[in-house]
Amino acid sequence: MTNLGYGESPRWHDGRLWFCNWTMQEIIVIDTGGKIENTIKLPFTSFPFSIDWLGDGRLIIISASDQPLLRMEPNGSLVPQADLSSLHVKTWNEIVIDGRGNIYINGEDIIALVNPDGSVQKVADGISFPNGMIVTNDHSSLVIAESYGRRLTAFDINMDGSLTNRRIWAGLKDGAPDGICMDAEGAIWYGDVPNKRCVRVREGGEVLQVINLEKGCFACALGGTNKKTLFMTVAEWRGFEKMFDGKLTGEVLAADVSVKGVK
């Protein structure tokens, strides 16, 4: 798929690929051939924004708008999920929801937790440009990409949803991790914008595979009929000051990989 703004937050859900089309204020749903099945126009201006789903199938959107955390009801209406104002964060970025309904969101230099009862708390700080997040396949840990820190950082998830045992999951040397996803072997793929590539690493930092690209890779997701398709959202990066210049260089690319995803 071509002629996008900046594709971000790709998710394989319900047999289709969903992603956020930054600068165009929309969520796009496509099949494996790139055919658009649905486009959700957001009723507000927001940059950035990200998506995930509750266990009951309702879509959750985190954004930098005046109503940062929203839930989409079955009729398509958007309603507040929780009040984040107590955290005093201006720009939220990424979201991931675990199997117990805990919503983890990041922005500025923190990770916040929205509990199933709607209460909100900060669970980590000092994150060096927080970006992609995943919950591991066994639901025991959360991993976050620290783009400026050139590392993937892991935390244990406690029964109450709090995070402990902070540690470096993988130091990336020359890597600048953006969006991430985990495969069935527990390795992580990360998009890398400045180095124009998507990289698969195991815990500890060993590089297992590199897919070199012609544009910066902002994020990735595993899906497809056998879950062995790596979807990559790419675009030409010309700096924040040129993001809204109207040039649509974004694309969704797909590559066959040997290890499937888990969702």
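Here is how the numbers come out for the structure above:
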read-out	value
Wholly enclosed strands (runs of 3 or more DSSP E) of segment 129-232 bearing at least 2 residues out of contact with any Pro (no Cβ under 9 Å at 6 or more places or on another chain) and either at pLDDT 95 or above or closer than 22 Å to ILE51 by Cα (or both)	130-135, 141-146, 151-157, 163-171, 177-182, 197-201, 207-212, 216-223
Tally of residues being within 20 Å of the chain's Cα centre (by Cα) and of a type outside the set (A, V, I, L, M, F, W, C) across segment 77-93	4
Cβ-Cβ under 8 Å pairs, at least 6 apart or on other chains, segment 200-217 side at positive phi, far side loosely packed, with under 15 Cβ neighbours inside 10 Å and outside any loop (DSSP other than H, G, I, E, B)	GLY205/GLY171
Sole exception among (1) more than 21 Å from THR153 (Cα to Cα); (2) part of a strand (DSSP E or B); (3) of a type in the set (Val, Ile, Thr) for VAL259, by number	(2)
Search result, residues across segment 125-160 that are in contact (Cβ under 8 Å) with a residue 60 or more places away in the chain and either buried (at least 20 other Cβ atoms within 10 Å of the Cβ) or among the β-branched types (Val, Ile, Thr) (or both)	GLY132
Per-region count, segment 176-198, residues more than 20 Å from ARG11 (Cβ to Cβ) and buried (at least 24 other Cβ atoms within 10 Å of the Cβ)	0
Flag if SER65 is more than 19 Å from the chain's Cα centre (by Cα) and among the small types (Gly, Ala, Ser)	no
Strands (runs of 3 or more DSSP E) lying entirely in segment 1-108 (those with 3 or more residues that are closer than 16 Å to SER119 by Cα)	69-72, 103-107
Qualifying residue in segment 60-68 (condition: surrounded by fewer than 20 Cβ atoms within 10 Å (Cβ to Cβ) and either free of Cβ contacts under 8 Å to residues at least 12 places away in the same chain or among the aliphatic types (A, V, I, L, M) (or both))	yes
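The values are calculated or read from the model by the stated rules, or taken from the named source; none is laboratory data. This is a predicted model, so every value here is computed, not measured. Cβ atoms come from the backbone with ideal geometry, glycine included; neighbour counts cover every protein chain shown.
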